[in-house]
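Peer 1: Mind having a look at this structure? Questions to follow.
The values are calculated or read from the model by the stated rules, or taken from the named source; none is laboratory data. Source: prediction; values computed, not measured. Here the Cβ is made from the backbone with ideal geometry for all residues, glycine too, and neighbour counts use every protein chain on show.
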Amino acid sequence: MNYHWNWGIFGEQVKSGDETYLDWLITGLGWTLAVSLTAWLLALSIGIAVGALRTTPSRFLVALGTAWVELFRNVPLLVQMFLWFFVVPEFLPRDWSLWVKQEMPAKEFVTAALCLGFFTSARVAEQLRAGIMSLPRGQRDAALALGFTLPQAYRHVILPQALRIVIPPLTSEFMNVFKNSSVAFAIGVMELTFQARQMQEDSEQGIETYLAVTLLYFICAFTANRGMAWIEARTRVPGLIARTS
Amino acid sequence: MGEFDFSVWGPSLPFIRDGLLFTLRLTLIAMTGGIVFGTLLALARLSPIVPLSRVAGAYVDLMRSVPLVLVILWFFLVIPYLTGKPVGAEVSAIITFTAFEAAFYCEIMRSGIQSVSRGQVHAAHALGLTQAQAMIHVVLPQALRNMLPVLLTQTIVLFQDTSLVYAIGAKDMLKAADVVGKNYNRPVEMIVLSALIYFAICFSLSLAVRQLQKRVAIVR
Amino acid sequence: MIEIRNVSKWYGPTQVLKGCSTQVAKGEVVVVCGPSGSGKSTLIKCVNGLEPFTEGSIAVDGISVGDPKTDLPKLRARVGMVFQHFELFPHMSVRQNLALAQVRVLGRKAEEADARGMSLLDRVGLRAHADKFPGQLSGGQQQRVAIARALAMDPICLLFDEPTSALDPEMIGEVLDVMVELAQEGMTMMCVTHEMGFARKVARRVVFMDHGEIVEDAPAGAFFDAPASDRARTFLARILHH
């Protein structure tokens with residue numbers, strides 16, 4: 001089989017409308033960024049809370065946190081996408097269900113961001129728990145001995161240290177979010193992978209298409225990596241990392 | 001609340017079973033191939049021959065920074081050009097996952113190999129074992145044992161990731177559930193069923209891995 | 001048997017061995033001692049080529065260690081080595097540890113290797129533990145197995161790299177007993193150790209190192225009774241009066 005290269009394809013008009021293929025990819029990049037960043041914010045806030053819960057002395061809270069993590073870790077992300085998109089609305093009260101199905105704006109985007117955010121929160125929680133467990137126990141005791149309540153001890157002593165420790169693993173989770181956002185194609189979010197498939201079918205220039213999209217994912221992952229490195233450098237406490245490593 | 005009819009689960013079972021068999025076969029082949037090629041890649045990455053370690057490193061970095069769905073689409077597109085004839089989605093999936101997982105198992109094996117102390121390598125050399133013999137008889141068995149829980153955890157991830165062959169329409173368990181759901185017009189019930197099956201399998205496997213982790217920790 | 005001539009070694013800009021020369025004759029026991037970081041472990045690892053060296057030459061039984069044409073595995077198979085941290089292979093039983101190199105390197109038959117291994121276990125008093133794993137043995141027992149593993153290769157000489165310094169005090173004796181026995185049987189031995197009692201008892205010569213240099217190389221009696229250098233005197237005073 002021979003392949004006909006056509007690098008000019010990106011400037012050409014799509015068969016079904018007056019946009020160019022480049023427009024499609026730009027739209028795709030926009031949705032990929034929107035889904036990933038929303039999901040990441042959600043994942044951080046839930047993940048930190050759940051991770052912290054799993055290190056408290058309360059058995060109930062620990063069990064709750066563990067259940068959360070196991071639930072999201074043991075079902076494929078694609079299946080979770082379908083669950084959020086097709087199944088969850090069925091479990092809502094009738095009025096809500098109808099609204100979600102018929103009127104909710106940007107339904108695919110909201111669903112995908114929620115799903116990816118919850119999925120990633122379980123992984124963030126695991127990292128954070130490991131980070132907290134790696135702190136010397138004396139830190140918690142010292143905070144409590146100073147008269148802090150347990151939540152205050154977490155807020156002022158434990159979390160500030162644990163968060164710094166987990167920045168490297170969180171960096172790779174952040175990069176994973178961009179990669180995992182590609183699964184949103186399955187529920188019709190017009191992100192990069194969705195657009196790539198569409199452009200490949202429409203233009204029949206698959207290799208150019210996938211190369212361009214691969215490059216865009218690279219750029220996302222690289223930017224995420226640099227961003228986290230910047231945060232790591234900004235928040236570094238002299239001597240702290242040396243002690244924990 | 002919508003109305004559900006879970007009676008569709010009964011007649012769906014033979015289809016689900018066939019799909020699950022493909023999912024399991026894909027997982028096992030990709031795991032075996034992935035560990036073998038991953039170990040070779042790890043050896044290449046750690047090799048003192050610079051071009052070899054660079055090439056292996058570049059391959060691993062590439063695979064690890066591209067979304068799996070895109071890798072699946074890439075292989076599905078490119079394999080026919082390489083083989084000169086179209087291959088089915090299933091064959092394409094097997095090749096893709098083996099190649100993709102090799103990069104991940106490579107990193108695990110690499111840290112496993114590095115976790116074996118220099119003293120062990122010295123002792124093997126002091127006994128007259130060659131580089132290759134020391135690797136095969138002393139380092140790799142220990143690396144494998146140290147990394148067993150991580151290798152198995154990666155395999156659970158692999159098992160879940162096989163669902164992404166949805167993108168090229170390979171007939172795995174999720175696809176079977178999808179087809180039955182459409183035929184009986186009960187998609188919601190079938191999604192729930194496949195989620196339950198995935199959860200049951202992955203959760204029990206991860207419990208088993210945790211048990212194993214405890215035992216390995218004691219032996220050490 | 002072992003000829004070390006003018007050996008120097010650099011790690012980047014730091015010189016860890018400075019023109020070291022000494023030799024061990026057949027049947028001789030030489031103890032190498034000195035403060036930590038003096039380069040003694042590095043020197044002994046140069047003897048079987050585990051550490052490369054930058055300058056000078058080392059010959060074992062007339063074969064040059066630094067020569068790139070030398071078949072190092074073949075040479076090492078004839079030079080036994082015992083390590084500070086035993087370095088038994090933790091994934092193999094004691095029996096398998098003893099047999100591995102005999103079978104893979106010397107090409108002995110499995111039964112032959114096993115028989116040789118068992119007779120050496122007998123000799124170090126551990127036959128009953130043959131099917132245990134290293135992790136199930138005490139430190140002293142592990143080190144005795146490691147000595148048996150080295151002996152199983154029928155070595156022409158033995159290198160000991162601080163064989164007792166990772167052991168609890170009550171286990172040092174059992175290991176030293178085995179070493180004394182070997183020395184008395186005429187085994188050629190080069191031992192890096194701080195066990196001065198052992199040195200006094202069996203060593204013909206003592207090599208004292210400091211900062212990568214061989215400061216003294218003297219007959220054992222002379223070294224203990226009248227060390228020539230201040231550095232050796234200070235070292236002996238510290239080590240003997242504790």
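Peer 1: Filter the range A:149-166 for residues that are without any contact (Cβ under 8 Å) to a residue 12 or more places away in the chain and of a type in the set (Val, Ile, Thr) and give the result.
Peer 2: Within the range A:149-166, just A:Thr149 meets the criteria.
Peer 1: Find the residue count for the range C:92-109, including only residues that are assigned to a loop (DSSP other than H, G, I, E, B), polar (S, T, N, Q) and more than 14 Å from C:Gln142 (Cβ to Cβ).
Peer 2: 0
Peer 1: So if I check each of A:Ser36, A:Ser45, A:Ser97, which one is within 8 Å of chain B (Cβ to nearest Cβ), of a type in the set (Ser, Thr, Tyr) and either touching a residue at least 12 places away in the same chain (Cβ under 8 Å) or more than 27 Å from B:Thr23 (Cβ to Cβ) (or both)?
Peer 2: A:Ser97
Peer 1: Being crowded, with 20+ Cβ neighbours inside 10 Å and touching a His at 6+ places or on another chain (Cβ under 9 Å) narrows it down to one residue among B:Ala134, B:Ala176, B:Ala167; which is it?
Peer 2: B:Ala134
Conditions tested, residue by residue: (1) assigned to a loop (DSSP other than H, G, I, E, B); (2) crowded, with 21+ Cβ neighbours inside 10 Å; (3) in contact with a Cys (Cβ under 8 Å, 6 or more places away or on another chain); (4) modelled with pLDDT under 90.
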| site | (1), (2), (3), (4) |
| --- | --- |
| C:Phe53 | yes, yes, yes, no |
| C:Gly56 | no, no, yes, no |
| C:Ala59 | no, no, no, no |
| C:Asp67 | yes, no, no, no |
| C:His85 | yes, no, no, no |
| C:Pro90 | yes, no, no, yes |
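Peer 1: Let me confirm something: among B:Gly128, B:Gly112, which residue is part of a loop (DSSP other than H, G, I, E, B), touching a helix residue (DSSP H, G or I) at 6+ places or on another chain (Cβ under 6 Å), surrounded by 18 or more Cβ atoms within 10 Å (Cβ to Cβ) and of a type in the set (Gly, Ala, Ser)?
Peer 2: On the way: B:Gly112 fails: part of a loop (DSSP other than H, G, I, E, B).
Exactly one of B:Gly128, B:Gly112 is part of a loop (DSSP other than H, G, I, E, B), touching a helix residue (DSSP H, G or I) at 6+ places or on another chain (Cβ under 6 Å), surrounded by 18 or more Cβ atoms within 10 Å (Cβ to Cβ) and of a type in the set (Gly, Ala, Ser), namely B:Gly128.
Peer 1: Just for the range B:1-51: of the residues that are farther than 30 Å from B:Met63 by Cα, without any contact (Cβ under 8 Å) to a residue 12 or more places away in the chain and not polar (S, T, N, Q), which one is surrounded by the fewest Cβ atoms within 10 Å (Cβ to Cβ)?
Peer 2: Once the filter is applied, the top-ranked residue is B:Glu3.
Peer 1: Another question about this same structure. Can you report the number of residues in the range B:74-126 which are in contact with a Lys or Arg (Cβ under 9 Å, 6 or more places away or on another chain) and within 14 Å of chain C (Cβ to nearest Cβ)?
Peer 2: 5
Peer 1: Go through the residues of the range C:125-136 one by one and say whether even a single one is surrounded by fewer than 18 Cβ atoms within 10 Å (Cβ to Cβ), of a type outside the set (Lys, Arg), within 14 Å of chain B (Cβ to nearest Cβ) and touching a helix residue (DSSP H, G or I) at 6+ places or on another chain (Cβ under 7 Å).
Peer 2: yes
Peer 1: Which residues, taken from the range B:97-142, are free of Cβ contacts under 8 Å to residues at least 60 places away in the same chain and polar (S, T, N, Q)?
Peer 2: Matches in the range B:97-142: B:Ser111, B:Ser115, B:Ser117, B:Gln120, B:Thr130, B:Gln131, B:Gln133, B:Gln142.
Peer 1: Here's a follow-up. Return yes when B:Ala56 is under 20 Å from B:Pro141 (Cα atoms) and part of a helix (DSSP H, G or I) and no when it is not.
Peer 2: It is false that B:Ala56 is under 20 Å from B:Pro141 (Cα atoms) and part of a helix (DSSP H, G or I).
Peer 1: Scanning for something surrounded by 21 or more Cβ atoms within 10 Å (Cβ to Cβ) and free of Cβ contacts under 8 Å to residues at least 60 places away in the same chain, does the range A:58-68 turn up at least one residue? Spell out how you get there, then give the answer.
Peer 2: In the first step, residues of the range A:58-68 are kept if they are surrounded by 21 or more Cβ atoms within 10 Å (Cβ to Cβ); the result is A:65, A:68.
Subsequent filtering for residues that are free of Cβ contacts under 8 Å to residues at least 60 places away in the same chain retains A:68.
Looking for residues that are surrounded by 21 or more Cβ atoms within 10 Å (Cβ to Cβ) and free of Cβ contacts under 8 Å to residues at least 60 places away in the same chain, one finds at least one in the range A:58-68, hence yes.
Peer 1: Which count do you get for residues in the range B:177-199 that are of a type in the set (Lys, Arg) and either in contact with a helix residue (DSSP H, G or I) (Cβ under 6 Å, 6 or more places away or on another chain) or at the interface with chain A (Cβ under 10 Å from one of its Cβ atoms) (or both)?
Peer 2: 1
Peer 1: Can you find even one residue in the range A:58-74 that is closer than 28 Å to A:Ala186 by Cα and either assigned to a loop (DSSP other than H, G, I, E, B) or modelled with pLDDT under 90 (or both)?
Peer 2: yes
Peer 1: Right, C:Ser36: polar (S, T, N, Q), within 21 Å of C:Leu158 (Cβ to Cβ) and either in a helix (DSSP H, G or I) or out of contact with any Ser or Thr (no Cβ under 7 Å at 6 or more places or on another chain) (or both) or not? Show your work before the answer.
Peer 2: Details: polar (S, T, N, Q): yes; within 21 Å of C:Leu158 (Cβ to Cβ): no; either in a helix (DSSP H, G or I) or out of contact with any Ser or Thr (no Cβ under 7 Å at 6 or more places or on another chain) (or both): yes.
Against the criterion (polar (S, T, N, Q), within 21 Å of C:Leu158 (Cβ to Cβ) and either in a helix (DSSP H, G or I) or out of contact with any Ser or Thr (no Cβ under 7 Å at 6 or more places or on another chain) (or both)), C:Ser36 does not qualify.
Peer 1: Residues of the range B:181-196 being under 27 Å from the mean Cα position of the chain (by Cα) and either outside any helix (DSSP H, G or I) or crowded, with 19+ Cβ neighbours inside 10 Å (or both), which ones?
Peer 2: If the condition is that a residue be under 27 Å from the mean Cα position of the chain (by Cα) and either outside any helix (DSSP H, G or I) or crowded, with 19+ Cβ neighbours inside 10 Å (or both), then B:Met190, B:Ile191, B:Val192, B:Leu193, B:Ser194, B:Ala195 are the ones that fit.
Peer 1: Let me confirm something: among A:Thr171, A:Thr193, which residue is crowded, with 20+ Cβ neighbours inside 10 Å and either away from chain B (no Cβ under 13 Å) or under 17 Å from the mean Cα position of the chain (by Cα) (or both)? Show your work before the answer.
Peer 2: Details: A:Thr171 fails: crowded, with 20+ Cβ neighbours inside 10 Å.
The match here is A:Thr193.
Peer 1: Could you check, for the range B:78-91, whether at least one of its residues is within 24 Å of A:Asn176 (Cβ to Cβ) and not charged (D, E, K, R)?
Peer 2: Looking through the range B:78-91, none of the residues is within 24 Å of A:Asn176 (Cβ to Cβ) and not charged (D, E, K, R).
Peer 1: Taking the range B:27-50 on its own, how many of its residues are modelled with pLDDT of 95 or more and farther than 15 Å from B:Met109 by Cα?
Peer 2: 4
Peer 1: Let me ask another. Can we say B:Tyr166 is assigned to a helix (DSSP H, G or I), of a type outside the set (Gly, Ala, Ser), without any contact (Cβ under 8 Å) to a residue 24 or more places away in the chain and at the interface with chain A (Cβ under 9 Å from one of its Cβ atoms)?
Peer 2: yes
Peer 1: Of the residues A:Gly30, A:Gly8, only one is under 22 Å from A:Ile219 (Cα atoms), more than 20 Å from the chain's Cα centre (by Cα) and free of Cβ contacts under 8 Å to residues at least 40 places away in the same chain; which?
Peer 2: A:Gly8
Peer 1: Within the group C:Gly34, C:Gly56, C:Gly66, which residue is away from chain B (no Cβ under 14 Å) and under 16 Å from the mean Cα position of the chain (by Cα)?
Peer 2: Of the residues listed, the single one that is away from chain B (no Cβ under 14 Å) and under 16 Å from the mean Cα position of the chain (by Cα) is C:Gly34.
Peer 1: Another question about this same structure. Taking the stated definitions as given, is A:Gln205 of a type in the set (S, T, N, Q), within 12 Å of chain B (Cβ to nearest Cβ), without any contact (Cβ under 8 Å) to a residue 40 or more places away in the chain and under 14 Å from B:Val78 (Cα atoms)?
Peer 2: no
Peer 1: Determine whether C:Asp71 is closer than 24 Å to C:Thr188 by Cβ and either free of Cβ contacts under 8 Å to residues at least 24 places away in the same chain or more than 8 Å from chain B (Cβ to nearest Cβ) (or both).
Peer 2: yes
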